[in-house]
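This report concerns only the one structure given below.
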Amino acid sequence: MNTEEARKILDDCLEKHKSLLEQVSALGFIAQGSINERYLTCSSKNCSCHSDPSKRHGPYVYWTTKVQGKTVSRILKGETAELMRQWVANRIELDSIVEQLRQLSVKALEPSVLLMQQERESTD
């Protein structure tokens, strides 16, 4: 790889890096864990939810996460459920962006080293 190629690769990496950081800043709040919906049977023995799965009660929205190494689930309602869905989705997007940043760093390493070496040689 020559200096011109290294500079182009590094410039492309820096542009993509800047774009990814802008995406991070636009994400908003994040939450660890997952969101699930459950349909449940009740304690009333005469209720049709016991014999017909399509008549189970719900959906109940659960947020599941780890707290001090233990799995904890919490029922969410209304706006809380909507916000947590978005925040968990934001965290998933953040994880994706961080992985892209890692891959970008690997791609930028060789041209960065080459340009640093050439800069050092030109000052010697």
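All of the numbers you see were taken from the coordinates with simple rules; none came from a lab. Please read these numbers as outputs of a predicted model, since none were measured by experiment. Because the Cβ atoms are built from the backbone with ideal geometry, glycine has one as well, and the counts that use them run over all protein chains shown.
Odds and ends about this structure:
- Within straight-line reach of residue 18, meaning a Cα separation under 26 Å, sit the following lysines at least 8 residues removed in sequence or on another chain: 8, 107.
- Computed about its Cα centre, the charge dipole of segment 60-123 is approximately 500 debye, with only Lys, Arg, Asp and Glu carrying charge at their Cβ.
- Rounded tilt (10° steps) of 3-25 against the dominant C-alpha axis of the chain: 30
- One quarter of the surface of the convex hull around the alpha-carbon atoms of segment 3-123 equals 12.4 nm², the direction-averaged projected area.
- Extension gain, residue 1 back to residue 40 (0.36 nm per residue minus Cα-Cα distance, nm): 7.9 nm
- Positive-end residue of 123, 63, 24, charge dipole of the chain with Cβ unit charges: 63
- Helix axis angle, 78-123 relative to the chain longest principal axis, alpha carbon, degrees: 10
- Lys, Arg +1 and Asp, Glu -1 on Cβ, resulting dipole of the chain about Cα centre, debye, nearest 20: 1300
- With both labels modelled 7 Å from their Cα along Cα-to-Cβ, the residue 15 to residue 82 distance reads 3.9 nm.
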